[in-house]
Amino acid sequence: MRISTVTFQQNALDQMQTLQSDLATTQNQLATGKRIQSASDDPAAMAQVNQLNVQLSASQQYVTNGNTATSNLQLEEQAMSDATNTLQSARDLAVQANNPALSASQRQDIAAQLQQQLQDLVSIGNRTDSNGNYIFAGFASGTIPFTQNGGSVSYLGSSQVSQIQIAPNQRVSAGDTGASVFMNIPAGNGTFTTSGALTNTGTGSIGVGTVSSPALWVPDTYTITFTTPSQYTVTDSTGTTVTSGTFTDGDAISFNGIQVPITGTPAANDTFTVAPAGNASAFSTIQSLITTLSSTTLNNAQIASQIGGALQQMDSAITNMSNVSASVGARLNSITSSQSAAQTTQTTLQTNISQLSDVDYAAAITQLNTEELSLQAAQQSYASIARLSLFNYLQ
């Protein structure tokens, strides 16, 4: 078979270009550390790498989301701690004020301190994060959650909070609404509230009361009326007599599965009210205590009754904040566990991606040496054969 000089040269050139291309590819792999430079290098492996990268990106986003939620929850945790301390200080002042030996002026001084505690509590409720978003406003993070108008504090925030995804099938609340923390606190003992009429003239004061038999409790507004200092009648909201009996100082009046203690000596026609518990805010509790201590018309028994109710309400508010704080701590622990699992997942994904796409340096260097040797041999053989001519054999 005859091979023309042009054909020979073209074939040799094609072979050397192929070797040079292979050599360049290997050099690029060694320079970048990547075995796969494009999908054409290994389509099946590239498809797997792309899928693993999607999973890796999602896992990294979950960690980022967890960091955001952690930051918000830690700010809330600190705010809850400060609010609890403020309420505890207010409670201490209430205990101090529950002393019949105090003068009206001394009670006014305590009321002034409570006014500062109220302002501090509102300020805590209106705290913001580093971006200026209100911690307790829920979805309405750009709206100041609490506004104070005289002694009344209103909540303007949202009733819902953001849910942040921290794992493929797990979301956590990034905060709590101001309504659930400061406003919607069960009044009284959680079942009913007690109060004494402002027109009472005796020294009797009513306590918070307890539920002795929940099954017997019938929610209604009941009035305890003393016909004499030692005789009482309990009527419901329709005026129907529920029970009646005799009374001595310190007795607990029992009816419909509840007990309400009364101390002191009520006067004839003094009345006390037992009503179903609704909700009260931490702000209104402090404000009602301020109003009580600022009054110049209430007698010691009335003051004692109202302070007792305020103390119970503060205890409920502190308990509520403690429960919210526990929930925040549980969410923080959940985020930490989720992030730990995500980091383990990311390590596995990165290992798999590396195994598929990273270059094997030992094999690549061996291949590079082989390709260099092959190219050199091809170049030398071409140069040697290209010098051949029939004239070399003519004598």
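Rule-based calculations on the coordinates, nothing more; no lab input. Since this is a predicted model, take the numbers as computed values, not measurements. A quick note on method: Cβ atoms are made from the backbone with ideal geometry, for glycine too, and the neighbour counts reach across all protein chains shown.
Computed values, structure above
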read-out: J(HN,Hα) series, the range 225-235, from Karplus relation 6.51 cos²θ - 1.76 cosθ + 1.60, nearest Hz, glycine and proline x; value: 10, 8, 7, 9, x, 10, 10, 9, 9, 10, 10
read-out: Paramagnetic label zone (point 7 Å from Cα along Cα-to-C-beta, Ala341; backbone N under 15 Å) in the range 139-178; value: 165-172
read-out: Inter-probe distance in nm under a simple model that places probes 7 Å from Cα toward Cβ, at Ala267 and Ala44; value: 9.9 nm
read-out: Relative packing of 287-293, 193-199, which averages over residues the other C-beta atoms within 10 Å, highest first; value: 287-293, 193-199
read-out: Nonlocal amide H pairs with Thr243, under 5 Å, H built at 1.01 Å; value: Val234
read-out: Amide H contacts of Arg171 (H built 1.01 Å from N, under 5 Å, at least 5 apart or other chain); value: Ile166
read-out: Fully extended contour minus Cα-Cα distance, from Thr201 to Ala326, at 0.36 nm per residue; value: 40.5 nm
read-out: Relative contact order [Cα under 8 Å, 6+ residues apart], the range 151-291, whole percent; value: 31 percent
read-out: Cα-projected label distance for Val211 with Ser130, points at 7 Å along beta-carbon direction, nm; value: 4.6 nm
read-out: Pairwise centroid distance, computed over Cα atoms, of the range 107-146 with the range 284-338, Å; value: 15 Å
read-out: Rg [Å, one decimal], Dmax [Å, integer] - the range 192-277, C-alpha atoms; value: 11.6, 35
